[in-house]
1. Among the residues of the stretch 193-202, write down those that are assigned to a loop (DSSP other than H, G, I, E, B) and either surrounded by fewer than 23 Cβ atoms within 10 Å (Cβ to Cβ) or more than 12 Å from ligand 3 (Cβ to nearest atom) (or both).
2. If Leu285 satisfies every condition in (1) loosely packed, with under 11 Cβ neighbours inside 10 Å; (2) free of Cβ contacts under 8 Å to residues at least 40 places away in the same chain but one, which is the exception?
3. Please note which helices (runs of 4 or more DSSP H) are completely contained in the stretch 106-178 and include at least 2 residues that are within 15 Å of ligand 3 (Cβ to nearest atom) and modelled with pLDDT of 90 or more.
4. Can you tell which of Phe170, Phe142 is more than 18 Å from the chain's Cα centre (by Cα), within 13 Å of ligand 2 (Cβ to nearest atom) and not aliphatic (A, V, I, L, M)?
5. Check whether at least one residue in the stretch 50-60 is part of a loop (DSSP other than H, G, I, E, B), of a type outside the set (D, E, K, R) and in contact with a His (Cβ under 7 Å, 6 or more places away or on another chain), and report yes or no.
6. Within 28 Å of Asn319 (Cβ to Cβ) and either crowded, with 18+ Cβ neighbours inside 10 Å or in the same structural domain as Val150 (by TED's automatic domain parsing) (or both): which single residue out of Gly246, Gly229, Gly264, Gly205 fits that description?
7. Hey, among Ile116, Ile135, Ile154, which residue is in contact with a Pro (Cβ under 8 Å, 6 or more places away or on another chain), without any contact (Cβ under 8 Å) to a residue 24 or more places away in the chain and within 16 Å of ligand 1 (Cβ to nearest atom)?
Amino acid sequence: MKTIAFTIDGFEFREERSRSILEVALEKGIYIPHLCYHEDLKPAPACRLCLVEVNGRLMTACNTMVREGMRIKTETDVIDQTRRLIVELLLVNHERNCLECNQSTLCKLQKAANYIGVDEKRLARLRADRHAKPIDRSNPFFDFNPNKCVLCGICVRTCDEIAAVHAIDFANRGFSTQISTFDDNRFVDSRCATCGECLMRCPTGALTIKEKRGISKEVETICPYCGCGCGLFLGIRGNRIISVRGNHDNPVNEGQLCVKGRFGLTFPNHPDRLRTPLIRKNGRLEPTSWDEALALAGSRLKEFRGDQFALLASAKCTNEENYVLQKFTRAVMGTNNIDHCARL
Ligand code: SF4
Ligand code: SF4
Ligand code: SF4
């Protein structure tokens with residue numbers, strides 16, 4: 001098979017198909033700073049941080065494909081100066097409180113700044129008085145802090161290309177440019193479906209979940225909400241679930257989750273969770289034993305036949321349990337009035 005031969009920083013590589021320089025370099029363990037690139041999205045060279053030199057010319061690595069004979073350099077004086085200037089200009093207008101920030105240690109701006117090495121004195125000189133923009137905390141699950149936004153556009157592209165909701169876009173021009181919902185509504189009043197896909201890809205602490213605590217371990221499992229069976233990792237702290245992230249390697253969802261799967265899985269520890277069956281006595285629901293509840297349900301079921309009866313099964317049951325429920329409805333109760341929530 002014909003392969004493409006090229007060099008990165010003097011090392012020779014061969015590829016069977018043409019991919020972007022950034023993709024190839026990252027896969028081979030060569031870090032090129034970047035903010036607006038995400039492997040799930042089409043490239044949109046907005047941040048210009050991934051500049052590399054290709055046969056003597058500066059090019060953005062995220063949207064330049066490797067070609068036969070390319071000599072690629074990821075480090076030169078010009079590249080260093082250009083990157084440093086870009087990062088410093090971003091940091092000058094950035095609300096920097098890394099220790100309190102949800103994204104700290106995962107933040108791509110922090111990583112790029114550490115890698116490039118910024119001059120704090122120069123930053124202090126460049127820092128201008130600016131008015132902090134209000135933080136949108138309206139969504140019950142996530143916050144949007146425009147003061148930490150680097151306008152990379154990943155959230156906009158995610159909402160368009162992955163969520164297909166088109167809830168956000170760039171608004172205004174020049175220094176006033178910002179990410180906004182239609183008519184600058186609060187997120188909770190917008191058409192945002194709270195899928196959380198944009199938060200998962202935001203490279204900084206601009207779009208983050210409200211939960212600030214870290215986890216002690218992750219457990220791989222399947223979402224119990226519907227018949228899709230999306231793969232996910234539960235973030236555990238002590239004996240509590242405090243976060244969820246989609247499993248990229250699961251072929252069903254490839255890392256994506258809906259609002260229920262991403263934000264609705266903390267119910268096992270919820271104080272309102274029912275832990276015993278309840279029977280209505282004298283107009284009030286009172287806790288009872290399973291034996292008493294099942295005996296009552298069994299005796300009352302005898303009063304109904306055919307279409308007087310309907311059963312709603314659940315996606316949280318196993319396939320076998322749902323099979324038994326439909327068999328019971330059809331064969332014992334004599335009706336086809338059976339449905340379930342195991343589909344979207
Ligand atoms: S977004 Fe990144 S650089 Fe900004 S405060 Fe948070 S961790 Fe620090
Ligand atoms: S909110 Fe995050 S993803 Fe969206 S443009 Fe700002 S930094 Fe990029
Ligand atoms: S949470 Fe989902 S729907 Fe809402 S803005 Fe982000 S990607 Fe779009």
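The values are calculated or read from the model by the stated rules, or taken from the named source; none is laboratory data. The structure presented is a predicted model; accordingly, all values stated were derived computationally and were not measured. Quick reminder, even Gly has a Cβ in these numbers, built from the backbone with ideal geometry, and neighbours come from all protein chains shown.
1. Once the filter is applied, which keeps residues that are assigned to a loop (DSSP other than H, G, I, E, B) and either surrounded by fewer than 23 Cβ atoms within 10 Å (Cβ to Cβ) or more than 12 Å from ligand 3 (Cβ to nearest atom) (or both), the stretch 193-202 yields Ala193, Thr194.
2. (1)
3. 154-161
4. None of the other options fit; the residue is Phe170.
5. Let us first name the residues in the stretch 50-60 that are part of a loop (DSSP other than H, G, I, E, B), namely 50, 55-56.
Keeping just the survivors that are of a type outside the set (D, E, K, R) gives 50, 55-56.
Imposing the further condition that a residue be in contact with a His (Cβ under 7 Å, 6 or more places away or on another chain) reduces the set to 50.
So far as the stretch 50-60 goes, yes, one or more of its residues are part of a loop (DSSP other than H, G, I, E, B), of a type outside the set (D, E, K, R) and in contact with a His (Cβ under 7 Å, 6 or more places away or on another chain).
6. Every option except Gly246 fails the conditions.
7. Details: Ile116 fails: without any contact (Cβ under 8 Å) to a residue 24 or more places away in the chain; Ile154 fails: without any contact (Cβ under 8 Å) to a residue 24 or more places away in the chain.
Answer to the check: Ile135.
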